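The values are calculated or read from the model by the stated rules, or taken from the named source; none is laboratory data. Nothing here was measured: the structure is a model prediction, and the numbers come from that model. FYI the Cβ positions are ideal-geometry reconstructions off the backbone, even for glycines, and counts take in every protein chain you see.
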Amino acid sequence: MDLSGDSRPAAALSASVLVPSYRRPDTLCGCLDAVLAGSRVPDQIVVVLRDTDTDSHEALDGWLAVTRHADRIDQVTVAEPGQAAATNAGLGAVHGDIVCFIDDDTVPAEDWLERLLMHYGDPEVIGVGGRDIVHHGDDISARPQPVVGRITWYGRIIGNHHQPGFDEPAEVDHLKGANMSFRREVVSGFDTSIVGAHLTDTDASLSAGLHGRLIYDPRASVHHYPAPRTGGYARQSEREEEMRADAHDCAYVMLKHLPPLRRAGFWLFALTIGQHWRYGLLRMLVMLPVERSLALRRWRAAMRGLFEARETCRQAKDGLEDPVA
């Protein structure tokens, strides 16, 4: 595949917006209204719905009956659960030069798509994302941060895509799934070895980043109103199964993408310290007086996920090397 870059001006590139949705009929229709009210209307919107999600199907049918942009909408129905399955099915219907990912509980700013696309005038740019302004009722998550979208040499993931403190576009290591885009040819699909609701965006970013530059533009913003997840994994679950899945996914993505020396650094970091609720030994000991049994459960789940990720990587490698696979 020749990924030397598309030298066409940004205005000549077509754009598809991909919106997987599950049991959020009201926010889905609000998201679609906002996308189509923008200063740059997408050439295509692909909406992916589960076959069992009757309410969303009915809401979308009603919305299509009154919108003047029905010809821009392609609907895909999937039976398989999970974010990756929905996204991959939607990607099969995408025909734009640029594919833009947006969550169904977001409302993009008027110039959102226009700002994303303007960066693709540079043929070295392979992906662009923006800020998702996270609303919790009347409050907005706003703690200015000095770093956005980075992965340290030892595999610590720094996000902050939702935080203020960044005024100008910057090159980053990874983008956030609620508001990101790529040249279509570098997104073959989401990795189904990632079992939880997080880190498919990190994985897709790192894969795409092999072919060009990733840009974070905070002005290409969406307003994000996080809705409860009615299927799959919760956002910050305390269920051991889900904590283990989150630790597995983080370790799998890092072991998949980091070179050998950095993988060793990640392994040591994960075992001893960890990140967020993926507790390493030292983090567990520090939190033990406060969280008691929860700290132990977090640590136990993180360790199980870590070692399961190593096995997943081995199986994935064996599958690629098997000429029958």
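Kindly indicate which of PRO42, PRO25, PRO20, PRO9 is in contact with a helix residue (DSSP H, G or I) (Cβ under 7 Å, 6 or more places away or on another chain) and exposed (fewer than 13 other Cβ atoms within 10 Å of the Cβ). Before the answer, list the steps.
Numbers: PRO42 fails: exposed (fewer than 13 other Cβ atoms within 10 Å of the Cβ); PRO25 fails: exposed (fewer than 13 other Cβ atoms within 10 Å of the Cβ); PRO20 fails: exposed (fewer than 13 other Cβ atoms within 10 Å of the Cβ).
None of the other options fit; the residue is PRO9.
I'm checking my understanding of the structure. Among residues of region 113-124 that are hydrophobic (A, V, I, L, M, F, W, C) and crowded, with 22+ Cβ neighbours inside 10 Å, which one is nearest to ALA10 (Cα to Cα)? Give the steps one after another, and end with the answer.
Filtering region 113-124 for residues hydrophobic (A, V, I, L, M, F, W, C) gives 113, 116-118.
Those left that are additionally crowded, with 22+ Cβ neighbours inside 10 Å: 113, 116-117.
Details: LEU113: 11, LEU116: 10, LEU117: 6 Å.
Ranking the qualifying residues of region 113-124, first place goes to LEU117.
I'd like the full set of residues that are in contact (Cβ under 8 Å) with a residue 24 or more places away in the chain and surrounded by 14 or more Cβ atoms within 10 Å (Cβ to Cβ), limited to region 268-298.
Kept after step one, since they are in contact (Cβ under 8 Å) with a residue 24 or more places away in the chain, are these residues of region 268-298: 268-271, 274-275, 277-278, 294, 297-298.
PHE269, ALA270, LEU271, GLY274, GLN275, TRP277, ARG278, LEU294, ARG297, ARG298 - these are the residues of region 268-298 that are in contact (Cβ under 8 Å) with a residue 24 or more places away in the chain and surrounded by 14 or more Cβ atoms within 10 Å (Cβ to Cβ).
Could you run through region 5-46 and say how many residues are within 21 Å of ASP111 (Cα to Cα), of a type outside the set (S, T, N, Q) and at pLDDT 95 or above?
Result for region 5-46: 22.
Given the condition at positive phi and either buried (at least 20 other Cβ atoms within 10 Å of the Cβ) or hydroxyl-bearing (Ser, Thr, Tyr) (or both), answer yes or no: does some residue in region 83-91 qualify?
No.
Can you find a residue in region 192-214 that is surrounded by 15 or more Cβ atoms within 10 Å (Cβ to Cβ), touching a Leu at 6+ places or on another chain (Cβ under 7 Å), among the acidic types (Asp, Glu) and closer than 25 Å to LYS317 by Cα?
Yes.
Quickly run through region 79-105 and pick out the residues that are closer than 21 Å to LEU214 by Cβ and of a type in the set (A, V, I, L, M, F, W, C).
Within region 79-105, ALA84, LEU91, VAL94, ILE98, VAL99, CYS100, PHE101, ILE102 qualify.
Do we have any residue at all in region 47-56 that's under 23 Å from ASP132 (Cβ atoms) and surrounded by fewer than 21 Cβ atoms within 10 Å (Cβ to Cβ)? First the steps, then the outcome.
Applying the first criterion (under 23 Å from ASP132 (Cβ atoms)) to region 47-56 yields 47-49, 56.
Checking the rest, the ones that are also surrounded by fewer than 21 Cβ atoms within 10 Å (Cβ to Cβ) come to none.
So far as region 47-56 goes, no, none of its residues is under 23 Å from ASP132 (Cβ atoms) and surrounded by fewer than 21 Cβ atoms within 10 Å (Cβ to Cβ).
Can you find a residue in region 245-264 that is outside any helix (DSSP H, G or I) and either charged (D, E, K, R) or out of contact with any Asp or Glu (no Cβ under 7 Å at 6 or more places or on another chain) (or both)? Quick ask: steps written out before the conclusion?
The first filter runs over region 245-264 and keeps only residues outside any helix (DSSP H, G or I), leaving 258-259.
In the following step, the residues that additionally are either charged (D, E, K, R) or out of contact with any Asp or Glu (no Cβ under 7 Å at 6 or more places or on another chain) (or both) were identified as 258-259.
Yes, there is a match, as at least one residue in region 245-264 is outside any helix (DSSP H, G or I) and either charged (D, E, K, R) or out of contact with any Asp or Glu (no Cβ under 7 Å at 6 or more places or on another chain) (or both).
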